[in-house]
Amino acid sequence: MDKEIILTKIQECGVVAVVRAESCEQAERITDACIEGGIAAIELTFTVPHADKVIEMLAKRYTPDQIILGAGTVMDAATARIAMLAGASYIVSPYFDPETVKMCNRYRVPVMPGVMSVREAVLAMEAGADILKIFPGELFGPAIIKAIKGPIPYAKMMPTGGVNVTNAGEWIKAGAVALGVGGSLTAGAKTGDYALVTATAKQFVAAVKQARIQ
């Protein structure tokens with residue numbers, strides 16, 4: 001799928017499910033629950049055991065129309081390439097690593113490095129980052145989106161960390177193009193309550209939609 005189409009789909013959905021699982025089966029069930037709840041953008045993190053194999057499994061099971069599959073917690077360019085070969089359509093990093101961004105641009109794969117300041121934001125954008133991952137979001141709150149957009153109004157940002165159903169709308173209204181959501185979305189999986197994951201996914205989708213029309 002073309003890079004621009006992937007980025008458009010992620011922004012239209014407005015929510016990226018950050019999946020941290022203990023097994024392939026759990027990752028698969030979380031993904032099923034998120035898709036059923038209306039969240040097609042899945043970020044499978046490399047904290048998951050044998051993450052590349054899990055990504056490969058998910059890429060084979062779902063069609064590109066069903067899922068926007070990415071890899072998260074990608075710490076270096078080598079891991080980014082492994083993720084791409086396994087089937088990841090986009091790469092998310094917890095920090096800005098120029099070589100990882102370069103690798104992604106080489107293969108026209110969307111990349112979202114983590115940043116915490118205006119300086120990091122500018123450096124990441126100069127290197128070719130597509131969306132800036134504001135991480136950890138809970139340290140700043142939605143105000144950081146407005147603060148960065150002051151001098152850089154064209155920056156595209158996605159907060160991750162501390163994003164929940166209650167404040168999702170605030171982040172969107174502040175200017176976030178999408179939300180990276182982990183534990184507050186997938187908590188039900190820890191007890192096997194995947195119906196809760198689906199219900200929470202629906203709440204996130206509704207919160208984003210409501211914030212965008214206000």
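The values are calculated or read from the model by the stated rules, or taken from the named source; none is laboratory data. Here the structure is a predicted model, which is why all the values come from computation and not from measurement. Note that each Cβ is placed from the backbone with ideal geometry, even for glycine, and that neighbours are counted across all protein chains shown. Calculation scope for accessible area: heavy atoms of the full protein, side chains included, ligands and nucleic acids excluded. Shrake-Rupley method; radii C 1.70, N 1.55, O 1.52, S 1.80 Å.
Taking segment 68-86 as the range and being surrounded by fewer than 21 Cβ atoms within 10 Å (Cβ to Cβ) and not in a helix (DSSP H, G or I) as the test, the residues that pass are Thr73, Met75, Asp76. Residues in segment 1-26 that are under 13 Å from Gly70 (Cα atoms) and either at pLDDT below 95 or out of contact with any helix residue (DSSP H, G or I) (no Cβ under 6 Å at 6 or more places or on another chain) (or both): 9 in all.
Are any of the residues in segment 175-197 of a type in the set (A, V, I, L, M), outside any strand (DSSP E or B), out of contact with any Ser or Thr (no Cβ under 6 Å at 6 or more places or on another chain) and over 30 Å from Glu25 (Cα atoms)? Yes, there is a match, as at least one residue in segment 175-197 is of a type in the set (A, V, I, L, M), outside any strand (DSSP E or B), out of contact with any Ser or Thr (no Cβ under 6 Å at 6 or more places or on another chain) and over 30 Å from Glu25 (Cα atoms). Inspection of segment 42-50 finds a residue satisfying the criterion of being out of contact with any Cys (no Cβ under 8 Å at 6 or more places or on another chain), acidic (Asp, Glu), within 22 Å of Leu132 (Cα to Cα) and open to solvent by less than 40 Å² (accessible area, probe 1.4 Å). Within segment 110-125, residues that are more than 13 Å from Pro151 (Cβ to Cβ) sit with their Cβ atoms under 6 Å from residues that are open to solvent by 60 Å² or more (accessible area, probe 1.4 Å) and of a type in the set (Phe, Trp, Tyr), at 6+ positions apart or across chains, in these pairs: Gly114/Tyr95; Gly114/Phe135. Checking each residue of segment 127-149 against the condition of being of a type in the set (Lys, Arg) and not in a helix (DSSP H, G or I) gives at least one match.
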